[in-house]
Amino acid sequence: MISLRAKIVAYLVLIHAVLAVISYFVLRENRLWLLAVEALFALSITLGYLLVRSFFVPLDLIRTGAELISERDFTSQFREVGQPEMDALIHVYNRMIHRLREERLTAQEQHYFLDRVLTASPAGIVTLDFDGRVSLLNPSARELLGVGDEAVGLRLEELSVPCIAAIADVPLGESRVLTHGRRRLKVSRTELFDRGFPRHFLIVEELTEELRASEKAAYGKLIRMMSHEVNNSVGPVSSLLDSFRGYSDQLGEEDRQDFTHAVTVAIARLERLGAFVNGFAEVVRLPPPDRRPCDVRQLLDEILVLLRPQLEQRRIQAVWELAEPVPPIDLDRNQFEQVLVNVLKNAMEAIGEDGRITLRLAHEPAPSAPGGHRPVLRLADSGPGIPEDVRPLLFTPFFSTKRDGRGLGLTLIQEILTHHGFDFGLDNRFTAGETTGAELWVGF
């Protein structure tokens, strides 16, 4: 395609050529005038070419600058040529390019800084696109929610996370504390503007340890006060009642037996009250674990032998689904035995009668070490599962669904496993989308 410059130059050449021919035929008899006219034509065409070139220099500058900008080349600048009009244009272009280069460098630095902050942040960040699909998850969000790269491009409701429905329902500008297994997560929804349009993103914060420490401090203080007051009363009152039994000989025969029986019942009730309060105090006075290598499979088999009469009475089978060879685990045998006994008893109570407890000990992927594996113990029952309204309150102190429960069984389990540094969780087990019982797992 012929450029505008070429067309103008061709036009000038053609006009001067026609005029030169006409001049030749008109002035060929007068050669002196003919040479003067031809020289004038040569000078005219030269000046015309120079004017055309000077006219198109700014256009060339604009075209070259546009090409550099389209190629995102903000490093090239133009030199001044000594022409006021051109130099003014060059000055404006160079200043614009310098500003664009600084803004791009600033944007790159901010993007790099933001990327490093998101990568190192303990808070999970989930960014959604304009259609509400996941466009970005930082490492903390992947770990807290238990999802990977497969979540990118999906809507929140499509993620396979137990509490994802509650997360998706968090309104814009609000925060909620949700339960995810044993974890307590604070989820906030806010927005950012991208190209002038709003996009939502979620901030997921881990509150498990903070809330656990706060709850422990609260119930620890309550238990110590309760134990102090009860024990200060139980001991002296028991001693007085025991002394009263010595006065039974001073009573008549018809009253003596009733008096002795009443005092004995009162003393026994006080002893049970003291034992009941001391049971609460065990959670507060839990000693540091005395770690020694322990065969977890052998420990569980021994506990099953201990609980066999109760299992047989309820017609409940306790079977190993899988038991891979696992090296001995460093743990406090007595404390961990208490955990397993409590879990198995809870499973039996959840089943009632005619059910199954499944045990599994195997190596599973470790979330904290990509590509690595760790031993994981799973104990699952065939009971009705954990009701939805109970799941958020599982590890809450003093909460119990049992009529006579104290609500410290799971709290004690949590304290023991936390002091050991083991990862653990308790939630429903699903098969084909339906609840098929509850499952507690421990990652060593």
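The values are calculated or read from the model by the stated rules, or taken from the named source; none is laboratory data. Only a predicted model underlies this, so the values are computations on that prediction, with no experimental measurement involved. Ideal geometry is used to build each Cβ from the backbone, glycine not excepted, and the neighbour counts take in all protein chains shown. Please note that ligands, DNA and RNA were not included when accessible areas were found on the heavy atoms of the full protein model with its side chains. Shrake-Rupley method; radii C 1.70, N 1.55, O 1.52, S 1.80 Å.
With the whole protein complex present, residue 85 retains an accessible surface near 140 Å², based on a 1.4 Å probe.
Cβ-Cβ distance of residue 324 and residue 158, R₀ of 35 Å, FRET efficiency by 1/(1 + (r/R0)^6): the value works out to about 0.60. In plain terms, the chain from residue 188 to residue 290 could stretch by 32.7 nm, reckoned as 0.36 nm per residue minus the Cα-Cα distance. Summary of packing: across the peptides 133-146, 305-318, 98-111, 342-355, the per-residue average of other C-beta atoms within 10 Å ranks them, highest first, as 133-146, 342-355, 305-318, 98-111.
With contacts taken as Cα pairs under 8 Å and at least 6 residues apart, region 67-208 reaches a relative contact order of 18 percent. Put 49, 112 in order of accessible area, highest first, and with a 1.4 Å probe you get 112, 49. Calculate the spin-label point distance for residue 172 paired with residue 418, positioning each point 7 Å from the Cα along the beta-carbon direction, and give it in nanometres. A separation of 3.7 nm, rounded to one decimal place. Segment residue 6..residue 66, full-extension length gain: 19.5 nm, with 0.36 nm per residue of separation and the alpha-carbon distance subtracted. Computed over protein heavy atoms with a 1.4 angstrom probe, the accessible surface ordering of 264, 127, largest first, is 264, 127. The stretch between residue 80 and residue 123, if pulled fully straight at 0.36 nm per residue, gains 10.2 nm over its current Cα-Cα span.
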